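To start, the structure itself, in C-alpha cells.
The values are calculated or read from the model by the stated rules, or taken from the named source; none is laboratory data. All of these numbers come straight from a predicted model, not from anything done at the bench. A quick note on method: Cβ atoms are made from the backbone with ideal geometry, for glycine too, and the neighbour counts reach across all protein chains shown.
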Amino acid sequence: MFLTDLVIVFAVAAAVVFAFGRLRLPSVVGLLVSGVLVGPYGLSMVSDVHAVEILAEIGVVVLLFTVGLEFSLSRVIVLLPTMVAVGVPQILGTTAIVAIATWWHLGSLPQAVFAGLLVAMSSTAIALKVLADRGETAAPHGRVAVAVLLLQDLVVVAAMLAIPLLAAAAGSSSAVPSAPAASPIASVALGLTVIAAVIVLGRLVVPRVLHHVVRLRNRELFLMTIVLACLGTAAITAQVGLSLALGAFLAGLLLSESEYGHQAFAEVLPFRDTLASLFFVSVGMLLDLEFLVHHIGLITLAVIAIVAGKTIVTAVPSIMSGYPPRTSLLAGAAIAQVGEFSFVLGSRGEDAGLLRGDDYQTFLAAAVITMAVTPLISTVLPGWLQRLALTRLCRQWLGESRPHDGTHALSDHVVIAGFGINGRNLAAALTEFGVPHVILELNPETVRRERAAGRDIHFGDCTRTAVLELVGLPRARAYVVAISDPASSRRSISIARELSPSLRIIARTEYLVEVDELRALGANDVIPAEFETSLALFDRVLTIYGVPDETINERIDRLRLENYGLLRSR
C-alpha cells in the first residue's frame with residue numbers, strides 16, 4: 001500500500017536525519033542514506049518504489065520552482081564579476097577535465113562531456129548550510145562560493161536543454177524520447193521558442209492574474225494560483241520534450257521579479273522541503289550497496305579525484321582574480337562536492353542513454369560520498385592551511401599579498417580589518433573627524449575601486465603577521481576587526497595582541513556567545529551584533545510608549561553591564 005510505504009519512508013528519514021543532525025552532518029546526506037536503507041538494494045522496506053519516484057519528481061519541480069523564485073536580477077548583478085571570473089572557468093574547467101579523463105572509458109565525447117557537467121555542479125544546499133553553520137557566508141571565500149553556486153544553478157537549465165543534443169551526438173536511440181520535432185536540433189529550437197513564449201506571456205499575464213487574486217485576500221486561492229503557475233508551466237515544457245523541472249524554474253523566475261515573489265516563496269517553502277526530501281530519498285534508493293562494496297577502490301578514487309580536482313579548479317581562477325590562496329582554497333573546498341541537481345541531470349541522462357549501468361551507479365556512489373565528506377573537509381582545512389603556512393615550503397605561497405610600504409610612516413592611527421558596512425561606516429566617520437586610518441580588505445574589486453577613489457585601503461589578510469606589521473599595527477592606537485569570518489577574527493586578534501600588548505583592539509561579532517573567547521584572545525571591546533540589535537529594538541519600542549530617554553538609556557547601560565559589560569576599559 002502506497003500510504004504505508006510513505007509512512008515508512010518518512011519514519012526512517014526522520015530518524016536518520018535526526019541522528020545526522022546530532023552528528024552535525026547535512027540533512028541531505030541523511031535523506032540519501034535513508035533511501036539506501038529503505039530501497040530495493042537495502043532493507044527493501046518499500047514495495048511501490050515507482051509511486052515514491054512520482055512524488056519525488058514533483059519534489060524536483062517544486063525545488064526548481066523555489067530556485068527560480070530566489071533568483072533576482074540585482075543579486076546576479078552584484079555577483080556577476082565573480083561569477084564570470086571564477087564561476088565560468090570552474091564549470092568549463094571541471095567539465096573539460098572530466099571529459100578528457102572519461103572519454104576513453106565512455107567511448108564517445110558527448111557522453112564524456114555530459115559526465116563532466118554532472119561533476120561540475122555542486123550542492124547549493126550543503127555548501128550554504130556548511131558556510132552558514134560556520135558563520136562564513138559573508139566571508140571572502142563564502143562570497144566566492146555563493147557566486148559560483150549561483151552560476152551553476154543557471155547552468156543546470158542550459159544543461160537540461162543540451163541533453164537531447166548530446167544524446168543524439170552520442171548515437172543514443174532514446175535521445176529525444178517524446179519530443180514532437182523530427183530532430184534534436186529542431187527539438188531544442190522548438191523548446192527555446194516555447195521558453196521565450198512562456199517568458200513573454202508569463203510577464204504579461206501572471207502578474208495581472210495574481211493582482212486580482214490578491215485583491216480577494218484569499219490565501220487558499222493565492223496558493224492554488226501559484227501551484228497552477230508552477231505545474232502548468234512545467235507541463236507545457238514537458239510537452240515539447242523538455243523537463244518538468246525546467247518549466248518550474250521558468251515559472252519561479254517569472255514570479256521572482258514581481259511584488260508577489262516573496263509571498264509565493266513563503267507559501268511554497270513547506271511543500272518544497274517535504275517533497276524535495278522525497279527526491280533525495282528516491283536517489284538513495286537507486287544506490288546499489290553490493291556494487292559499492294565490489295567497486296570500493298574505483299569509487300574511492302573517483303571521490304578523491306572529484307574533491308581535489310574541483311577544489312583546485314575553483315581555486316586557480318580565484319587566485320588569478322586576485323583572491324589570496326587561502327581564501328581560494330577554502331572557496332574551492334566549500335563547493336567540491338557533487339550537487340543535488342546533478343542527480344536531476346543524471347536521471348535525465350540515463351533516460352536519454354548518456355549514462356548506463358555501472359557508470360550511473362559509480363556516479364551515484366561517488367556523488368553521495370562527496371556530499372558526506374564536505375562538512376569534514378570544511379572543518380579541518382583551515383587548520384591544515386594554517387599549519388602549512390608556518391612551513392618553509394608553503395610560507396611564501398600561503399602568505400597573502402602585502403600592502404604597499406607607504407604605511408610605514410603611519411603612527412597613532414587606526415587599522416580597520418574589513419570594508420563591509422561596519423568598516424565602511426567607521427572609515428567615513430574617521431575621515432570626517434580627521435583621524436588617520438588604514439584599511440585591510442580581501443576583496444580585490446573593492447580594493448581596486450576604493451584606491452581609485454583615493455582611500456588608504458590595501459589588499460591583505462589580517463591573519464598574517466607580516467601584513468599587520470606593514471600597515472603599522474605595532475605603532476597604531478587602535479585595531480578594529482570588522483570581518484565576517486569568525487575563525488579569521490580569532491586568529492587576527494591573537495596575532496595583533498602579540499604584536500602590540502598595549503594596542504586597543506575592538507572587534508565585532510555576530511553572536512553574544514563568541515564574546516568571552518574573543519576577549520580571552522586579547523580583544524578589549526567586543527560588540528556583538530545580535531545583542532546590540534536587541535537593544536535597538538528595546539529602545540524603539542519603549543520610545544513608542546513615551547518612556548523618557550534618560551530612563552531608556554539607563555536601562556540599556558544596565559543591560560550591557562549585566563550581559564557582557566564590554567564597553568568598559570580594561
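Restricting the first member to the stretch 529-551 and to residues that are touching a residue at least 24 places away in the same chain (Cβ under 8 Å), and the second to residues that are exposed (fewer than 13 other Cβ atoms within 10 Å of the Cβ), the beta-carbon pairs closer than 9 Å and six or more apart or on different chains are F531/Y511. Inside the stretch 426-458, can you point out the residues that are exposed (fewer than 13 other Cβ atoms within 10 Å of the Cβ) and in contact with a Pro (Cβ under 6 Å, 6 or more places away or on another chain)? None; the set is empty. On the given criteria, is A507 over 24 Å from the mean Cα position of the chain (by Cα) and within 30 Å of I319 (Cα to Cα)? Criteria met by A507. When each of V88, V60 is tested for being β-branched (V, I, T) and either surrounded by 16 or more Cβ atoms within 10 Å (Cβ to Cβ) or without any contact (Cβ under 8 Å) to a residue 12 or more places away in the chain (or both), the lone residue that passes is V60.
If I filter the stretch 390-410 for residues that are assigned to a helix (DSSP H, G or I), at pLDDT 80 or above and more than 18 Å from V130 (Cα to Cα), do I get at least one hit? The answer is no, given that none of the residues of the stretch 390-410 is assigned to a helix (DSSP H, G or I), at pLDDT 80 or above and more than 18 Å from V130 (Cα to Cα). Is it true that V368 is touching a Leu at 6+ places or on another chain (Cβ under 7 Å), more than 21 Å from E510 (Cβ to Cβ) and either at pLDDT 90 or above or not aliphatic (A, V, I, L, M) (or both)? Taking the combined requirement at face value, the residue does not satisfy it.
Take the stretch 205-227 and flag every residue that is among the aliphatic types (A, V, I, L, M), in a helix (DSSP H, G or I) and modelled with pLDDT of 80 or more. Residues satisfying the conditions are V205, V209, L210, V213, V214, L221, L223, M224, I226, V227.
Within the stretch 497-515, the set of residues being in a helix (DSSP H, G or I) and either at pLDDT 85 or above or touching a Lys or Arg at 6+ places or on another chain (Cβ under 9 Å) (or both) comprises R497, E498, L499, E514. Just so you know, in the stretch 465-495 the residues that are over 28 Å from the mean Cα position of the chain (by Cα) and of a type in the set (S, T, Y) include one that is farthest from H437 (Cα to Cα), and it is S494.
Sort out which residues of the stretch 483-494 are hydrophobic (A, V, I, L, M, F, W, C) and modelled with pLDDT under 90, and write them in order of number. Passing the criteria: I483, A487.
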